[in-house]
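Remarks on the structure that follows.
The values are calculated or read from the model by the stated rules, or taken from the named source; none is laboratory data. The structure displayed is predicted, hence computed values, not measured ones. Please note: Cβ atoms are built from the backbone with ideal geometry, for glycine as well, and neighbour counts cover all protein chains shown. Side chains are part of the model used for accessible areas, which takes the heavy atoms of the whole protein and leaves out ligands, DNA and RNA. Shrake-Rupley method; radii C 1.70, N 1.55, O 1.52, S 1.80 Å.
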Amino acid sequence: MARVQENPVPKSESDGKLLPLLVVLFIGSGCAALIYEVVWFQLLSLVIGASSVSLGVLLGTFMGGMCLGSILLPRLISSRHHPLRVYAFMELGIGVIGVGILYAMPLIGGVYSAWAGSGPLGMFVRALVAAICLLPPTILMGATLPAIARWIETTPRGVSWLGFFYAGNIGGAVVGSVLAGFYLLRIYDVAVATSVAVTINFAVAGLSLIFAKRTPYEEHPPLELSRARARADWPVYVTIALSGMTALAAEVIWTRHLSILFGATVYTFALILAVFLMGLGIGSSAGSLAGRALKAPRVALGVCQFLLCGGIAWAAYSISEFLPYWPLDVTLDSTPWVTLQLDLIRAVWTLLPPAILWGASFPLALAAAAGAGGDPGRLVGGLYAANTVGAIVGSLGASLILVVAIGSQHAQQLLIFASAVSGLLMLGPIMLSRLRDAGFDFRKLTTAVFASLAVAGLIASVPAIPGEFVAYGRFLPTRGAGTEVIYMGEGLTASVAVTRHPSGILNYHNAGKVQASSYAPDMRLQRMLGHLVTLAPENNASFLVIGLGAGVTAGAVSIDPQAERVVIAEIEPLVPRVVSEHFGEYNFNVVDNPKVDIRIDDGRHFLLTTDETFDGITSDPLDPWVKGAAALYTEEFWALVKSHLNPGGVVTVFVQLYESTEEAVKSEVATFLEVFPNGAVFANTIDGSGYDLVLFGQADPRFTIDIGRMDRRLERPEYAQVRASLREVGLSSILDLLGTYSGQASDLSGWLEDAAINRDRNLRLQYLAGMGLNLYRADVIFRNMVAGGVRFPEQLFAGPRASLEELERIVRLRVGP
């Protein structure tokens, strides 16, 4: 006997006045959901780390909760309950839990840091924390569409309204992603963003309860659905699962590539997400309209999947062979909003066609699987769950496996093949049935052969990602002429490249730009970071280096004769091998040094989960405008660093002046000095012009930089390699190194008066720095910084009187009194 299902409907579905209002409610629900997603991912990334594994855990848990909710609701909540009332209480629950997560996060973070570690146990604890935080609200989010679906009949007209609800939810998600990324978190913080989302939830719930009170609800007697019908629907579920898989896998790959082209700022990620969601919403609306009149929705769904083969190939070709070569000079003086408009055009050009087709797939699948008398809650829940399971497989498979194992070119080719398979699942049985009824048909055979050849041609047309694109990204039309790409690789978290300039300079590229090089000013900065942190403290046996890059800073640390242990925290597993092969000459073969321990983890998470302390910590992360990097510049992070310093320990950190705004630099300096109030700023200049900075902090506020001790240490025979390392970058003595001093908090107080402190709850720096992506005003920033005068800090330096007087003279010559 087949399972008996119930079919609840409104009293009169012909009265459609309420249905458009429900679409509006779903717009609000989707808006709140995306605000939460952005906020929760930001908060939880600070707790469990920003590595690809951690983000995979977060994404899988978030989408897994949506899947569970869509499956469980029709099975656990009786259809006797008014759908609008059920929907309202779910929205209320999401809002209450949203507030709870915001205030419970510090407690959760403390428990996690006490128990987390590496290996399988660490993975389990990460997953547990994500599940505790994300499953309750995401289960409710996933259940909202199946809940409201019970207000609809499973007729073509009713099912089309389900598609409109889905489209409205996506449209709200577009608004939420833009609102969170461009306004709420840029101007305010996670508390305000959460409050806005909670307010929307409560408003949606209130309106839903009002509608429920004013609208009677009835349910039809239970109807039986045949097992034959259920068996006939499995290809639809598999097809929509494959559609979800290809959509999220492609989004992961294309977001990665477009972030190289646009610059990997928080604005770029919000823009890409908004355009992708916008395409899904347009497609879902179109599919819903078409579903009302289609007599063969399975044919339409199958055709849609075959068209996706072309959509995926279009985007792959556009990103690799077309967009990077637009004749654009992004360094021309313009506002960030002009750049944003350009990026929006390029994102729409690339992402909108396939996203529309993916969006149309869901309502077409609803129409293809709908059967008169079936429970619409189960129909929507089952298809939504299948789509979400596919999305989980696609997103995690692409980010953690496919790109690393076979490269993005072959991964996209695989997605085209999967789309063709899903199309065949829909069209194949129909074609076979017609062939059996009508016999051999040469035209149908020709069509099938042509379609197969077209898919094969599309697969072959997907180009490899160019090495010069990975190296120079948005600068490709104006830079890199004559430069040879000697390595390009796609790793777990980033694509990296190594180039050789005709002059012989080697460049290490990440995030679509040079991050480290053998160029003299870059070498000087990297050596300053490493040698200051080893030469300044009295005890210098153990060190932590955050960010390997080209390995020059870590190499400078490793060659100190008294250094017994050097831990390097590097987030990208590909980097150590690349650095070892290409930059060993410049980094003293640091990767192969037996006293070096490389940990593949982000620096913040490593410090959160280790009890080890160090005599010195140096940080050389990616540019602060790179999404996630600002977490390594917050007040809470510097407090964490300070807690891991031994007595007398010191810290150094790189701060760039180029490709930044003055507001961003102020934020970096002011936040650091909040935790290290007696810290100091050292400048790396080019012919007296500002280039970048080294911030220096001490665990002990009474710490002094002893010039005599540093001199005596450097003169020892075993320090010959250190002396040579400094001379190679134009620093022939300790006085040359310390003579780069450029101020303390007392000197910079006027300049820092309006500085925004970068905290975990706002990550203000990533929004400020993102505005300076293509700006080159390093010297202007430096001159403004020292314009108030730099007094020689006698309390910071100690040593022979002659050395102190000479150092004071050097400083005055550089930056004035």
* Single match in ALA511, ALA516, ALA471 (criterion: touching a residue at least 12 places away in the same chain (Cβ under 8 Å), small (Gly, Ala, Ser), open to solvent by less than 20 Å² (accessible area, probe 1.4 Å) and touching a His at 6+ places or on another chain (Cβ under 7 Å)) -> ALA471
* Structure fact -> In segment 548-571, residues that are modelled with pLDDT of 95 or more, closer than 22 Å to GLY512 by Cβ and either among the hydroxyl-bearing types (Ser, Thr, Tyr) or in a loop (DSSP other than H, G, I, E, B) (or both) total 4
* For VAL338, are the conditions met, namely being more than 20 Å from VAL455 (Cβ to Cβ), hydrophobic (A, V, I, L, M, F, W, C) and open to solvent by 40 Å² or more (accessible area, probe 1.4 Å)? -> yes
* **Meets criteria (part of a helix (DSSP H, G or I), more than 29 Å from GLN766 (Cα to Cα), of a type outside the set (Gly, Ala, Ser) and modelled with pLDDT of 95 or more) for LEU289** => no
* Residue check, SER580 against (1) closer than 22 Å to GLN515 by Cα; (2) at pLDDT 95 or above, all met but one. Which one? -> (2)
* ASP760 being surrounded by 15 or more Cβ atoms within 10 Å (Cβ to Cβ), touching a helix residue (DSSP H, G or I) at 6+ places or on another chain (Cβ under 9 Å) and assigned to a helix (DSSP H, G or I) -> no
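Give the residue, chosen from SER78, SER70, that is buried (at least 24 other Cβ atoms within 10 Å of the Cβ), out of contact with any strand residue (DSSP E or B) (no Cβ under 7 Å at 6 or more places or on another chain) and over 30 Å from THR610 (Cα atoms).
After ruling out the rest, the residue left standing is SER70.
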* State the number of residues belonging to segment 763-783 that are under 16 Å from the mean Cα position of the chain (by Cα) and more than 13 Å from GLU668 (Cα to Cα). => 1
* To do: Considering each residue of segment 88-104, count those that are within 20 Å of ASP189 (Cβ to Cβ), open to solvent by 40 Å² or more (accessible area, probe 1.4 Å) and touching a residue at least 60 places away in the same chain (Cβ under 8 Å), and give that number.
  => 1
* Would segment 501-514 turn up any residue that is at pLDDT below 95, within 26 Å of THR268 (Cα to Cα) and among the hydroxyl-bearing types (Ser, Thr, Tyr)? -> no
* Structure fact -> Out of (1) open to solvent by less than 30 Å² (accessible area, probe 1.4 Å); (2) among the hydrophobic types (A, V, I, L, M, F, W, C); (3) farther than 30 Å from HIS605 by Cα; (4) not in a loop (DSSP other than H, G, I, E, B), the one VAL780 does not meet is (1)
* Which one of ALA347, ALA367 is open to solvent by less than 20 Å² (accessible area, probe 1.4 Å) and of a type outside the set (Phe, Trp, Tyr)? -> ALA347
* Asked: Would you call VAL175 modelled with pLDDT of 95 or more, open to solvent by 50 Å² or more (accessible area, probe 1.4 Å), of a type in the set (A, V, I, L, M) and in a helix (DSSP H, G or I)?
  -> yes
* Can you name every residue in segment 632-664 that is of a type in the set (Gly, Ala, Ser) and in contact with a Phe, Trp or Tyr (Cβ under 8 Å, 6 or more places away or on another chain)? -> GLY648, GLY649, SER660, ALA664
* Within segment 537-548, work out how many residues are surrounded by fewer than 24 Cβ atoms within 10 Å (Cβ to Cβ) and of a type outside the set (S, T, N, Q). => 2
* Might you check whether a residue that is without any contact (Cβ under 8 Å) to a residue 60 or more places away in the chain and in a strand (DSSP E or B) occurs anywhere in segment 535-545? => no
* What pairs come up if the first residue lies in segment 133-146 and is open to solvent by 20 Å² or more (accessible area, probe 1.4 Å), the second is of a type in the set (Asp, Glu), and their beta carbons are under 9 Å apart, counting only those six or more places apart or on different chains? -> LEU140/GLU91
* Scan segment 583-626 for residues that are closer than 15 Å to LEU529 by Cβ, part of a loop (DSSP other than H, G, I, E, B) and open to solvent by 20 Å² or more (accessible area, probe 1.4 Å) and report the count. => 3
* When GLN305 is evaluated against the numbered criteria (1) open to solvent by 10 Å² or more (accessible area, probe 1.4 Å); (2) assigned to a helix (DSSP H, G or I); (3) touching a Ser or Thr at 6+ places or on another chain (Cβ under 9 Å), which criterion, by number, is the only one it fails? -> (1)
* Can you find even one residue in segment 110-127 that is of a type in the set (Phe, Trp, Tyr) and at pLDDT 90 or above? -> no
* Asked: If you go through segment 321-329 one residue at a time, do you hit one that is buried (at least 19 other Cβ atoms within 10 Å of the Cβ) and under 30 Å from ALA369 (Cβ atoms)?
  -> no
* Structure fact -> Residue set ILE401, ILE392, ILE430, ILE406; condition open to solvent by 20 Å² or more (accessible area, probe 1.4 Å) and over 31 Å from the mean Cα position of the chain (by Cα); output residue ILE430
* Asked: Counting only residues that are touching a Leu at 6+ places or on another chain (Cβ under 7 Å) and open to solvent by 10 Å² or more (accessible area, probe 1.4 Å), which one in segment 549-582 is nearest to VAL626 (Cα to Cα)?
  -> GLU570
